[in-house]
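In what follows, a single structure is set out as structure tokens and then discussed.
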Amino acid sequence: MGWTFPWASSFGSDFNSDFNISFTEQQQREGGVEYNYRREAARAGQQGGGEGAGVRFAAMCGTDAATYHRDRPGMSAFALEDGVVYHAYSTYARGVDGIWGMYPWLDRTPKGRNETDVWWRRHDEYDKR
């Protein structure tokens, strides 16, 4: 159809901080994190340890839970018209799943994602369970 679609990256800019998907250690300690339209409690002293999926995801990435939670999923869309940039849309957390290839397919299966724990593994980790 001859369409073109310009993409842009937020790498190396303040965009992620401005749109509340990246946070500093100080914001975490003081409770200054607002993500997905919710204010979060302070995470004082939570540099590792603990329980839960977030701790396991962090370990799988080679970091601690607090560092892992400083960058979150988010997507925004903008329109440029007559030299003016309009913020048209933003989504966070599970709202970003639609652009991650496998999630829409899993969501259409009889049990959906059937999530009860850390369910995904890398291709070379499937025989480790």
Number of positions in the stretch 101-125 that are surrounded by 10 or more Cβ atoms within 10 Å (Cβ to Cβ) and either in contact with a Cys (Cβ under 9 Å, 6 or more places away or on another chain) or closer than 20 Å to residue 58 by Cβ (or both): 6
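Consider the stretch 85-108. How many of its residues are basic (Lys, Arg) and either modelled with pLDDT of 90 or more or part of a helix (DSSP H, G or I) (or both)?
1
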In the stretch 10-31, the residues that are loosely packed, with under 13 Cβ neighbours inside 10 Å, touching a residue at least 40 places away in the same chain (Cβ under 8 Å) and outside any loop (DSSP other than H, G, I, E, B): 25
Set 64, 82: member being charged (D, E, K, R), modelled with pLDDT of 85 or more and at positive phi: 82
Close pairs from the stretch 93-111: first without any contact (Cβ under 8 Å) to a residue 24 or more places away in the chain, partner among the hydrophobic types (A, V, I, L, M, F, W, C) and surrounded by 12 or more Cβ atoms within 10 Å (Cβ to Cβ), Cβ under 7 Å, at least 6 apart: 96/75
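The values are calculated or read from the model by the stated rules, or taken from the named source; none is laboratory data. What you are looking at is a predicted structure, and each value in this text was computed from that prediction instead of being measured. Methodologically, a virtual Cβ is constructed for each residue, glycine included, from the backbone with ideal geometry; neighbour enumeration extends over all protein chains shown.
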